[in-house]
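Working notes, beginning with the structure itself.
The values are calculated or read from the model by the stated rules, or taken from the named source; none is laboratory data. These numbers were taken from a predicted model, which means no experiment stands behind them. All Cβ positions, even for glycine, are placed from backbone atoms using ideal geometry, and neighbour counts span all protein chains on display. Areas reflect the complete protein model, heavy atoms only, side chains present, ligands, DNA and RNA absent. Shrake-Rupley method; radii C 1.70, N 1.55, O 1.52, S 1.80 Å.
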Amino acid sequence: MNKTILECNGIAAGYVKGLNILQGVDLVVHEGEIVSIIGPNGAGKSTLLKAIMGLIKVSAGRFYINGIEKTNLSTHKIVTEGIGYVPQVANVFPSLTIEENLEIGAWSVNNKKESIKNIYTNFPMLSERKKDKAGNLSGGQRQILALARALITSPSLLLLDEPSAGLSPVAINEVFDSIKEINDSGVSILLVEQNAKRALAFSDRGYVLDQGRNAYQGKGEELLNDPRVIDLYLGKL
């Protein structure tokens, strides 16, 4: 078994004090894995990523990065622990150029120029258009920029919130291809995705959340073919 990058134990969290959306969620991501989180709207999928990133307060439970407890660290400290995060949809600065977006992502990096140069090597489209405003990119290109910006800090784990949201089928394929390449380079992936069938087929393992709790978990292919998951979730998503 590869080492554990992230472990969540009994996580409870929400946006209003005393009103938890997450009701004690457990989750593990091992080194090198792609792990997906699926479930109906309101299940707490995106909330879990925000809690891990310190964007909302964890009111109960603990989470660990590389075996060390990091519950309720501030967001910038979570980033320096090797966790990258790509929020849903509005995840670039449209009035800034591609290069300026990448420079913002490199705030905690010692050798910013070298890090951005490496990103351009891995994402030639961004290099070709580095002086273009991010707002002029297509939806798929914006998502690639958001992924690239999160990679500048060389994270060991990347949290992705609905990377296919609002994209065309062609752009979805491009984004998922990029995610696979990122994983092949050694970055573990924790993926929240409304396109549940695509996510499970793509993932090593998956978790199904419902009403803020763990409903099912297992290998991606097993969940994809589990009659209970098909009846309750895949038909709705």
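Check region 157-176 and report whether any residue there is within 28 Å of K112 (Cβ to Cβ) and open to solvent by 30 Å² or more (accessible area, probe 1.4 Å). Scanning region 157-176, I find at least one residue that is within 28 Å of K112 (Cβ to Cβ) and open to solvent by 30 Å² or more (accessible area, probe 1.4 Å), so the answer is yes. Of all the listed residues (N122, N136), the sole one being among the polar types (S, T, N, Q), open to solvent by 30 Å² or more (accessible area, probe 1.4 Å) and over 22 Å from I189 (Cβ atoms) is N136. Does T153 fit the bill of being in contact with a Phe, Trp or Tyr (Cβ under 8 Å, 6 or more places away or on another chain), open to solvent by 10 Å² or more (accessible area, probe 1.4 Å) and not basic (K, R)? The answer is no for T153. Tell me, please, whether a residue that is part of a helix (DSSP H, G or I), at pLDDT 95 or above and either among the hydroxyl-bearing types (S, T, Y) or surrounded by fewer than 16 Cβ atoms within 10 Å (Cβ to Cβ) (or both) can be found in region 184-198. There is at least one residue in region 184-198 that is part of a helix (DSSP H, G or I), at pLDDT 95 or above and either among the hydroxyl-bearing types (S, T, Y) or surrounded by fewer than 16 Cβ atoms within 10 Å (Cβ to Cβ) (or both). So in region 1-53, with the set limited to residues that are part of a loop (DSSP other than H, G, I, E, B) and within 14 Å of L157 (Cα to Cα), which one is nearest to the chain's Cα centre (by Cα)? Among those that are part of a loop (DSSP other than H, G, I, E, B) and within 14 Å of L157 (Cα to Cα), it is M53. For region 174-217, the tally of residues that are out of contact with any strand residue (DSSP E or B) (no Cβ under 7 Å at 6 or more places or on another chain) and small (G, A, S) stands at 4. Put simply, of I116, I144 the only residue that is in contact with a Phe, Trp or Tyr (Cβ under 8 Å, 6 or more places away or on another chain), surrounded by 15 or more Cβ atoms within 10 Å (Cβ to Cβ) and touching a residue at least 12 places away in the same chain (Cβ under 8 Å) is I144.
Only residues that are in a loop (DSSP other than H, G, I, E, B), under 16 Å from the mean Cα position of the chain (by Cα) and small (G, A, S) were counted in region 129-165, giving 4.
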